[in-house]
Amino acid sequence: MTTPIKTAVELSACREKLQAERDPQRKVISICAGTGCRASGAIKLGDALRGALTEKGLDQQVQIRPTGCQGFCECGPLVVMHPDQTLYQKVKAEDATEIVEQGLGEGQVIDRLLYQDAEGKSYRKESEVPFYRHQKHLLLANNSKIDPTLIDDYLAVGGYGALAQVLAEMQPEQVCATIKAAGLRGRGGGGFPAGVKWETCRAAPSADGVRYIICNADEGDPGAFMDSALMEGNPHSVIEGMIIGAFAIAHPGQPIGYVYIRNEYPLAVERLRIAIDQARERGLLGKNILGSGMDFDIQINKGGGAFVCGESTALMASIEGFVGEPRAKHIHTVEAGLYDKPTNLNNVETWANVPLIINRGVEWYTDIGTGDVSDNPWGGSKGTKIFALVGKVNNTGLVEVPMGTSLRQIIYDIGGGINGGKKFKAVQTGGPSGGCLPESLLDLKVDFDQLTEAGSMMGSGGMIVMDESTCMVDVARYFIKFLAEESCGKCVTCREGLRQLSAIIDRICAGKGQEGDIELLEELSTVVMDGSLCALGQTAPNPLLSTLRYFREEYEEHIRDKKCRAAVCQGLITYSIVAENCNGCMICAKKCPEKAITGIKKEVHVLEQAKCIRCGICLDVCKFDAVLVE
Amino acid sequence: MAVQDEQKVSFQIEGRSYQGIREESLLGALRRYGYEVPSLCYHEAVSPYGACRLCLVEVQKGKRRKLTTSCNYPVLEGIEVFLDTEKVVSTRKMVLQLLLAQAPEARSVRELAEEYGVTDTPFKKDEGNACISCGLCARVCKEIVGADAIGFAGRGLGKRMVSPYDETNQACIGCAACVVVCPTDCIGLKEENGIRSIERWHRDLPMKNCKVCERPFAPTFQLNHFADQIGVEKSHFDTCPNCR
Ligand SMILES: Cc1cc2nc3c(=O)[nH]c(=O)nc-3n(C[C@H](O)[C@H](O)[C@H](O)COP(=O)(O)O)c2cc1C
Ligand code: SF4
Ligand code: SF4
Ligand code: SF4
Ligand code: SF4
Ligand code: FES
Ligand code: FES
């Protein structure tokens, strides 16, 4: 059925019809077909399950539903059996027959495919697994319920209902005010109140009424996949948010929509393209949407992949076909942005929050999160935030929690604590220009303002957990280097400033740090922040400054004692053989690329420091703990 | 061009009131009123770029006061501009130290640094380099000459001013406007045996000899380009400007 939906009434009728057709007791096997699970074999698994169902003649009764990311990518491919909601993890194509033969009956469970925690306890339902139990899925909630390539699935769970309500019952100004009252703040980095941005863009003069409505799906932070998961798993929620935004910001003028998405996201691009096409077929994009008189369509613009292209002015330059370099924003983009027209840019996750706020109301939304936004949209952080939890935790993946959840809850309750029984050292939040927070701040409630106050930031929601084997100077070195390479290179302060910060940290890591280096780093950081044009330069020293603030002693040790306590910095470590443990197995001597280790079988080996290049191979290969690094 | 009244705005510099043109470059206005502000990447004939970060000032707009470059700051109603504040001076000094490290060969940088009492840099020097990636050459080539023959390649640490793919570009007419405008004299121009060479852009162009004095005066390619542009016979440029 692809007849266009012309009014809000028709939309409700369509939804009711879809819901009536769907039997809630119908058996559905949903397979996560997100990027992570695909990489671990979800496509093959899907084929195998289909094959097994056909073989048993069950392919008509049981539906297979490929979905977007469920968040727990580490345990993928994931399979959820509906309506029981039994969750199977790390499912292989070889398990397909067993699932079809022994998993479909009333109360049947295949124990060996259930999730087990570190203590060996099994959990049957998704909602019971600790990783999910402590989360609050609002934006990700529908990811397991819908096939992102089918608009009917989204309509059946109430999709586009918020849009219908807005178009039928609200004035554009009222929608702006609602988003402002909800305290929705931008999820792409800055945390700017979306409602305020919308109002300003609406008020900005535009001679021909054109206003650009853009979705920032550049997601350049290495390791981040919040936005791609939303676009892959529930693209219509983003589109619905944008149409509501178009109405609020530009109606009765001429809104024009863009999604700026990185080319390295082929799956997200495809899902978005399908979703936009289907929305168009149904009349939810295009002319006179739901009889409102508003015309609005969305174009996909594929970005070149540079981190800096995610910055608002660089992004707009890139859409216009110029080099993605930021420009001065003394005239704001809401007034003169893309093609010098008033332009409203929001992040993917920001847009996805919009239908939620309309559907459930400001009161419900402001109950979630921190602070008080009743008379100031900056007064708190409301709603949930999705984080990409990675690093040295037991459960890595996508995590959606209410604003104000503590770092401890995220890392320990959801993340299952540090893996390998090691000790927690720091958590890096906010992407490359975020900061590193120490153990003493584990109880910090994660929201925009508290993270900033602590010297880090929300960023787009990257969260990297580090254990005692991480050197904090090395961490700063890594991020500063990344930013130096990703700077557009326009400002001397950013390009040369980061080059020199990088050189000084390199020198410290190589054991050549000097007295005064820390002070020079601090002084130069201030100049980089104050003297640079865009937020990349203005925030770039964060990883350095936050590690200096919380782990200063590590810098001092590197410089004064020529010691790296985590034994990471190659210029500062030595390898040696512990005579008591060495039984002369000869493996280290054989594997050492520099022939720095000598010895005869069954006798203690000797390591010649002058030849050693500190590659660490001997440490890795020794089975008797006889190689010591310090 | 007469400035219409509605384009005029009043603003303050160091507590004194001025009338400026709405959205003109603040640096341009400052210089017109006789204030001295250093710069290396600004030229009033082309659009500002904001690369060298030397033209820093502090601007108060409403409640917010911030450090900003003045070349790409638009003159707006009611702004208050402060020149050599402590913050401006200390930041500028370190910018100069960064430039000294990037382009130790550039005389203009060394001289400017000295003016601000900066004689050495604590940073690692890129010996032998003089280009400060200010982008003036490319802006002049594009906006004034209309050739758009050179541009930046790469970003971040790898950003360099080059001809496309660092190869000969037929779009370069050899006019040498880039050479003249380069603040650090790092492009280099050679005229030998009737050939003008700009090695940095890999461009060698035969020069035309003046019909009168018989001296080579400009690349034939450039003169033909100009003749086409303004729609005159190519013979129009047979004599050099001195003999014309
Ligand atoms: C260097 C840099 C990279 C950025 N990358 C992104 C990005 O990948 N995605 C994004 O949504 N915002 C990114 N931003 C933030 C955007 O400039 C902008 O603030 C944001 O898209 C606005 O939307 P929001 O208010 O909904 O967050 C980046 C900013 C900077 C300075
Ligand atoms: S701060 Fe850095 S990334 Fe931003 S415009 Fe300047 S050089 Fe480019
Ligand atoms: S660290 Fe590498 S080079 Fe040094 S002794 Fe061990 S294996 Fe050889
Ligand atoms: S010499 Fe070539 S590169 Fe230089 S300004 Fe003239 S045309 Fe452009
Ligand atoms: S060559 Fe000269 S004008 Fe061109 S970017 Fe380098 S310093 Fe600037
Ligand atoms: S891709 Fe399957 S859980 Fe993330
Ligand atoms: S003159 Fe303004 S930044 Fe160079």
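The values are calculated or read from the model by the stated rules, or taken from the named source; none is laboratory data. Since the model is a prediction, treat every value here as computed from it, not as a measurement. Glycine also receives a Cβ, built like all others from the backbone with ideal geometry; neighbour counts cover every protein chain displayed. Quick note on the areas: whole protein, heavy atoms, side chains included, nothing else; ligands and nucleic acids left out. Shrake-Rupley method; radii C 1.70, N 1.55, O 1.52, S 1.80 Å.
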Per residue, what accessible area does chain B have, given a 1.4 Å probe and all protein chains present, in Å²? 52 Å²
How far, in nm, would the chain grow between A:ILE274 and A:PHE322 when pulled straight, counting 0.36 nm per residue and subtracting the alpha carbon separation? 14.5 nm
What shape does the range A:159-375 have by the C-alpha gyration tensor, where a ≥ b ≥ c are the square roots of the eigenvalues, rounded means a/c under 1.5, and otherwise prolate means a/b greater than b/c and oblate the rest? rounded
Where a Cα-Cα gap under 21 Å defines reach, which lysines qualify for A:LYS595, not counting those fewer than 8 residues away within the same chain? A:LYS611, A:LYS623
Relative packing of peptides A:441-447, A:354-360 - highest average C-beta neighbours within 10 Å first: A:354-360, A:441-447
Lys pairs in the range A:383-470, Cα-Cα under 13 Å, at least 8 apart or on separate chains: how many? 4
List the residue ranges in chain A for DSSP H helices whose C-alpha atoms run 27 angstrom or more along the long axis and whose Kyte-Doolittle average is -0.5 or above. none
Output the antiparallel fraction of DSSP beta bridges having both residues in the protein assembly as shown, as a percent to the nearest 5. 70 percent
Computed [θ] at 222 nm, helices only, for the protein assembly as shown once each DSSP H run of length n ≥ 4 contributes -39500 (n - 2.57): -9500 deg cm²/dmol
So what are the ³J(HN,Hα) numbers for the range B:61-70, from phi and the Karplus equation (6.51, -1.76, 1.60; θ = phi - 60°), rounded to whole Hz, Gly and Pro as x? 10, x, 8, 9, 10, 8, 7, 8, 6, 8
Could you work out the local net charge near B:HIS236, counting Lys and Arg as +1, Asp and Glu as -1, over the other residues with Cβ closer than 12 Å to its Cβ? +1
Apply the Karplus parameterisation 6.51 cos²θ - 1.76 cosθ + 1.60, with θ equal to phi minus 60°, to every residue of the range A:396-404 and state each ³J(HN,Hα) to the nearest whole Hz, in sequence, with x for glycine and proline. 8, x, 8, 10, 10, 9, x, 4, x
Taking each residue of B:146-157 in turn, how many C-beta atoms of other protein chains fall within 10 Å of its C-beta, and what is the average? 4
Considering every Cα-Cα pair within the range A:283-411, what fraction, in whole percent, is farther apart than 24 Å? 53 percent
Local charge sum around A:ASN344 (other residues, Cβ-Cβ under 13 Å, Lys/Arg +1, Asp/Glu -1)? +2
Distance in nm between B:HIS202 and A:GLU515 label points, each 7 Å along Cα→Cβ, equals 5.2 nm
Can you list residues from other chains, or at least 5 along the same chain, whose modelled amide H is less than 5 Å from the amide H of A:PHE387? A:VAL399, A:GLU400, A:VAL401
If you put +1 on each Lys and Arg Cβ and -1 on each Asp and Glu Cβ, how big is the dipole of the range A:457-594 around its Cα centre, in Debye rounded to 20? 400 debye
The protein assembly as shown - convex hull of alpha carbons, volume per residue in Å³: 224 Å³
On the formula 1/(1 + (r/R0)^6), with r taken between the Cβ atoms of A:ASN288 and B:LYS63 and R0 of 60 Å, the FRET efficiency rounded to 0.05 is 0.85
Which order do the peptides A:140-150, A:530-540 come out in when sorted by mean C-beta neighbours inside 10 angstrom, highest first? A:530-540, A:140-150
Can you give me the C-alpha center-to-center distance between the range B:194-212 and the range B:7-22, rounded to a whole angstrom? 47 Å
Under-5 Å amide H pairs with A:GLY286, H placed in peptide plane, nonlocal only: A:PHE296, A:ASP297
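To the nearest whole number, what is the average tally of beta carbon atoms from other chains within 10 Å of the beta carbons of peptide A:495-502? Could you put the intermediate results ahead of the total?
Values: counts 9, 13, 5, 2, 8, 9, 1, 2.
Across the residues of A:495-502, the mean count of other-chain Cβ atoms within 10 Å is 6.
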Antiparallel bridge percentage (DSSP; both residues within the range A:20-127; nearest 5): 65 percent
Quote the relative contact order of chain B in percent (integer), defining contacts as alpha-carbon pairs under 8 Å separated by 6+ residues. 12 percent
Which far-off residues, 5 or more places away or on another chain, put their amide H under 5 Å from the one on A:HIS605, with H placed in the peptide plane? A:GLY584
Here FRET efficiency (C-beta to C-beta, A:ILE613 to B:ASP126, R₀ 30 Å, nearest 0.05) is 0.60
